[in-house]
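Accompanying notes for the structure given below.
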Amino acid sequence: MIQAGGIRKYGLKHHLQNIIPPGIPVWLLPIMIPVELMGQFTKPFALCIPIIANMIAGHIVILAFISMIFILNSLFVFPYFSIFALFISLL
């Protein structure tokens, strides 16, 4: 989707020209082109992994707080763990 959006916004020719920075020496092009192409496709996945990990961790913490209410089975802890779970959910 990122590549398709870039091609749609800038056109195929200009989008491909953005892969190579202007003013780069010609002898560096054989190294730079494959590195930049790999970066174009791996960067979205590398940015998604921490986001997904944070979302899963947040849900696990909320589940832990709600589970503590049932594990401890006490009305005394209900307001505290409910507030904690709500706070994490609002984060």
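Quick look at the numbers
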item	result
Contour excess over end-to-end distance, with Cα ends at Phe45 and Leu28 and 0.36 nm allotted per residue	3.5 nm
Residue-wise HN-Hα coupling along segment 83-91, computed from phi with Karplus coefficients 6.51, -1.76, 1.60 (Hz; x: Gly, Pro)	5, 4, 5, 5, 4, 5, 5, 6, 5
Percent carbon-and-sulfur accessible area, the chain, ignoring ligands, DNA and RNA, probe 1.4 Å	79 percent
Whole-number percent relative contact order across the chain, with pairs defined as alpha carbons under 8 Å at least 6 apart	22 percent
Degrees, to the nearest 10: 29-72 long Cα axis against longest axis of the chain	0 degrees
Local electrostatic count at Asn18 - Lys and Arg +1, Asp and Glu -1, tallied over other residues with Cβ under 14 Å	+3
Mean accessible surface per residue for the chain, computed with a 1.4 Å probe while every protein chain stays in place, in Å²	84 Å²
Histogram of C-alpha separations across the chain, 5 Å bin width, %	3, 11, 14, 12, 10, 8, 7, 7, 7, 7, 6, 5, 3, 1, 0
Cβ-derived FRET efficiency at R0 35 Å, Ile7 paired with Ala57, nearest 0.05	0.50
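The values are calculated or read from the model by the stated rules, or taken from the named source; none is laboratory data. Not measured: the values here are computed from a predicted model. Neighbour counts run over all protein chains shown; Cβ positions are idealised from the backbone, glycine included. Heads up: the accessible areas ignore ligands, DNA and RNA and are worked out on the full protein's heavy atoms, side chains in. Shrake-Rupley method; radii C 1.70, N 1.55, O 1.52, S 1.80 Å.
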